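What follows is a short report on a single structure.
The values are calculated or read from the model by the stated rules, or taken from the named source; none is laboratory data. Worth saying up front: this structure is predicted, and the values here are computed from it rather than measured. All Cβ positions, glycine included, derive from the backbone under ideal geometry; neighbour counts span all protein chains shown.
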Amino acid sequence: MAPSGLIDVHAHFVTDEYVAAARAAGIAHPDGMPGWPGWDPADHLELMRRGGIDKAYLSVSSPGVHFGDDTAARLLARSVNEFGAAVALQHPDRFGHFATLPGIDGAVAEAAYALDVLGADGVVVESNQHGVYLGDPRFEPLWAELDRRGALVFVHPTSPPNAEAVSLGRPRPMLEFLFDTARSAADLVLAGVLLRHPRIRWVLTHAGGVLPLLADRMDMFRAAFAASPTDDPAVISQLAGIWYDMAGTPFPRQVPAFEAAFGTSRLVYGSDHCWTPAAAVLNQIASIDAAPPPPGHPTWRDLTTGNARRLLAGAER
């Protein structure tokens, strides 16, 4: 049997206009990284060929498009969304697209335009918007609209507030992205967003970051210090009901920890290219292919590709 082609839900692009706008705003080292990557569809397609990736869903990564001005952010979001939609239209069997939102202001309008006019497959939001996390009431109109649509919401980590003080001088994707994913997920659970908006297809990155180690602790604190008793489902069961990609270093340790906490029925593949160089992506895929197969499936490719098809079809919302 031929191995399953991977479906990559965590793939990125940049445009010249986007990088120029970020640099003009003083962002030469995004999230503490050495610099900005380049992106070219032909190069990405060649990586997909070499890695056995059938389709990649493109999005703009951290730091997003809001560099301090609401109007400029709306214009830049529209520009990158039209670019991503054009790439997906040119290569419909190879690329999909998750639309960027311009922060909180204008998010509902841009989501509607991207989904209805551009045909986006979902939207991407950062784990916090300049220190405002996703459980904040200011996001509620956006979640209500996306829940009405049963939309896919890809939550990409970004630097936390005061990142320079806590990142130990290292690039934030090394440590802080994994913690900020957990912060954002905790806020979604503890603010009741997941329960109020059950039709949203949430996708978190990097196998949940540190969430597998923290879910039980969150439940313990919720029970011990809640102002009033709650009959809400346990934190771990709420988190097990959303989706996760395995971008980063899935084996030998991250995915087994994730599997022990949440199972694998909602685990999908992610490369994190173009921010992750092609050689590192191929090494990651080699580790996935070499790992002992998951129960009930011949390979991790087979498992994650089947899961991704359900996710993207809107199954089991």
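Only residues in the stretch 180-206 that are within 16 Å of residue 133 (Cβ to Cβ) and modelled with pLDDT of 95 or more count as the first member; pair them with residues that are in a strand (DSSP E or B) and among the charged types (D, E, K, R), Cβ under 9 angstrom, at least 6 apart or cross-chain, and list the lot.
180/126; 184/126; 204/245; 205/245
Could you say which residue among 115, 75 is within 28 Å of residue 268 (Cα to Cα) and modelled with pLDDT of 95 or more?
115
Name the pairs: first residue in the stretch 50-73 and surrounded by fewer than 18 Cβ atoms within 10 Å (Cβ to Cβ) and acidic (Asp, Glu), second residue in a loop (DSSP other than H, G, I, E, B) and modelled with pLDDT of 95 or more, Cβ to Cβ under 6 Å, at least 6 apart or on different chains?
54/5
Pick from 17, 46: which is loosely packed, with under 15 Cβ neighbours inside 10 Å and under 30 Å from residue 297 (Cα atoms)?
From the options 17, 46, the qualifying one is 46.
Which one of these is touching a residue at least 24 places away in the same chain (Cβ under 8 Å), among the β-branched types (Val, Ile, Thr) and closer than 22 Å to residue 186 by Cα: 87, 155?
None of the others qualify; the one that does is 155.
Can you go through 217, 222 and tell me which one is closer than 30 Å to residue 276 by Cβ and assigned to a helix (DSSP H, G or I)?
Working: 222 fails: closer than 30 Å to residue 276 by Cβ.
Going through 217, 222 in turn, the sole match is 217.
If we keep just the residues of the stretch 223-268 that are hydroxyl-bearing (Ser, Thr, Tyr) and closer than 20 Å to residue 185 by Cβ, which is surrounded by the fewest Cβ atoms within 10 Å (Cβ to Cβ)?
Going through the qualifying residues, I end up with 230.
Exactly one condition in (1) touching a His at 6+ places or on another chain (Cβ under 9 Å); (2) under 25 Å from residue 211 (Cα atoms); (3) crowded, with 16+ Cβ neighbours inside 10 Å; (4) not small (Gly, Ala, Ser) is false for residue 102; which is it?
If we test residue 102 against (1) touching a His at 6+ places or on another chain (Cβ under 9 Å); (2) under 25 Å from residue 211 (Cα atoms); (3) crowded, with 16+ Cβ neighbours inside 10 Å; (4) not small (Gly, Ala, Ser), just (2) comes out false.
Does residue 28 satisfy the criteria of being assigned to a helix (DSSP H, G or I) and either modelled with pLDDT under 95 or of a type in the set (Gly, Ala, Ser) (or both)?
No, not satisfied.
Filter the stretch 148-197 for residues that are assigned to a helix (DSSP H, G or I) and farther than 28 Å from residue 311 by Cα; which is nearest to the chain's Cα centre (by Cα)?
Taking the stretch 148-197 as the starting set, the residues that turn out to be assigned to a helix (DSSP H, G or I) are 148-149, 163-166, 176-190, 193-196.
Add one more test, that the residue is farther than 28 Å from residue 311 by Cα, and what stays is 163-166.
Values: 163: 20, 164: 23, 165: 25, 166: 22 Å.
Among them, the one singled out is 163.
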